[in-house]
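Let me begin by presenting the structure, written as structure tokens, before commenting on it.
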There are 2 protein chains.
Amino acid sequence: MPVELTASQALNLWHGVSLEQVRIDNRDLTLRQISILLHIYLVPPPHTVRGLAGILGVTKPVITRALDTMGDLGLVTRSRDERDRRNMIIKRTVDGALYLEKLGDLIIDQGRKLSI
Amino acid sequence: MPVELTASQALNLWHGVSLEQVRIDNRDLTLRQISILLHIYLVPPPHTVRGLAGILGVTKPVITRALDTMGDLGLVTRSRDERDRRNMIIKRTVDGALYLEKLGDLIIDQGRKLSI
DNA sequence: GCTGAAAGAAACGCTTCCGTAACGGTCATG
DNA sequence: CATGACCGTTACGGAAGCGTTTCTTTCAGC
């Protein structure tokens, strides 16, 4: 069941969520980091550095750095793939799930506030 | 007319839009910059540095820097307020409007792709 | 006119990001 | 057991972000 939005609704939704996210959270992830985080949590594993780099259209060091940062924040973890020890498997954490749960609530709240 | 989203829809919407935005646009604005840009374009003027700082809950230099960056990108302009020459009035540009128009289209497209 | 407050910008030292390039560890093929 | 390919990380110089602090300009009240 698709969600039909007007141009005004779409931008107002984005505006409200971005604004609240900036006001609430001091971590200030970049759009790339948010993309990576959402991808890890919404798309079935396994997730690798190379795979994410390809999907986002960025270089591998970008992914490594983003994982370093979000790892420090406790939002993701990674461990070596024992089947092919060249690979790193990127995994979810409880804190990461909580972070996205709050983001989801924010989006839902802002959606409710919309009018035509 | 509110927009009712499920948690899954909300995050999938954000995921799709973030991912496409990262893939398409090399400018990679921060969430703060996007908030400022949307605020300028969606909320009636006038907009000042101090006002934006208060709304976003950040310091004034953050706004100044964001306006510098987005000014270089052609997304906003500012000019001195002739009624009170201490103030700067932040204004929209054609490029900024185009940028947000594309963002709006992206959100609408991703909304259409959603399913429960 | 002076003086103090206000608005925005600039300066400072620091952190984090970028892209490119080089690097070690691991697998696969001969 | 070499050799080449592959994966992720690290190193590098540079750009841009941060918060705090210090101007510079302008207004307002006496």
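The values are calculated or read from the model by the stated rules, or taken from the named source; none is laboratory data. Note that the structure is a prediction, hence the values are computed from the model and not measured. Here Cβ is always computed from backbone atoms with ideal geometry, including for glycine, and neighbour counts include all displayed protein chains. Heads up: the accessible areas ignore ligands, DNA and RNA and are worked out on the full protein's heavy atoms, side chains in. Shrake-Rupley method; radii C 1.70, N 1.55, O 1.52, S 1.80 Å.
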| query | Hey, any hits in the stretch B:81-98 for a residue that's acidic (D, E), under 15 Å from the mean Cα position of the chain (by Cα) and away from chain A (no Cβ under 14 Å)? | reply | yes
| request: Mind listing whichever residues of the stretch A:49-74 are open to solvent by less than 40 Å² (accessible area, probe 1.4 Å) and farther than 17 Å from B:L19 by Cβ? | output: A:G71, A:G74
| said: For the stretch A:36-51, which positions are more than 12 Å from A:V76 (Cα to Cα) and more than 13 Å from every other protein chain (Cβ to nearest Cβ)? | reply: A:P44, A:P45, A:P46, A:T48, A:V49, A:R50, A:G51
| request: Determine, yes or no, whether B:R86 is in contact with a strand residue (DSSP E or B) (Cβ under 9 Å, 6 or more places away or on another chain) and near DNA strand D (Cβ under 8 Å from one of its atoms). | output: yes
| Picking from A:L38, A:L13, A:L19, A:L5, which residue would you name as being open to solvent by 20 Å² or more (accessible area, probe 1.4 Å), touching a helix residue (DSSP H, G or I) at 6+ places or on another chain (Cβ under 6 Å) and among the aliphatic types (A, V, I, L, M)? | A:L19
| How about the stretch A:106-116: which of its residues are charged (D, E, K, R) and surrounded by 14 or more Cβ atoms within 10 Å (Cβ to Cβ)? | A:D109
| field | Residue check, A:G51 more than 13 Å from the chain's Cα centre (by Cα) and at positive phi | value | no
| message | What's the number of the only condition in (1) in contact with a Ser or Thr (Cβ under 7 Å, 6 or more places away or on another chain); (2) near DNA strand C (Cβ under 9 Å from one of its atoms) that A:V76 fails to meet? | response | (2)
| request: State yes or no: is B:Q33 more than 9 Å from chain A (Cβ to nearest Cβ), more than 11 Å from DNA strand C (Cβ to nearest atom) and under 23 Å from A:D109 (Cα atoms)? | output: yes
| request: May I ask you to list the residues in the stretch B:85-101 that are in contact (Cβ under 8 Å) with a residue 12 or more places away in the chain and in a helix (DSSP H, G or I)? | output: B:D95, B:G96, B:A97, B:Y99, B:L100
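Table: residues versus (1) near DNA strand D (Cβ under 9 Å from one of its atoms); (2) over 24 Å from B:A97 (Cβ atoms).
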site	(1), (2)
A:A7	no, no
A:L11	no, no
A:S18	no, no
A:L29	no, yes
A:S35	no, yes
A:P44	no, yes
A:I63	yes, yes
| field | Residues that are among the β-branched types (V, I, T) and away from DNA strand C (no atom under 15 Å from the Cβ), drawn from the stretch A:36-59 | value | A:I40, A:V43
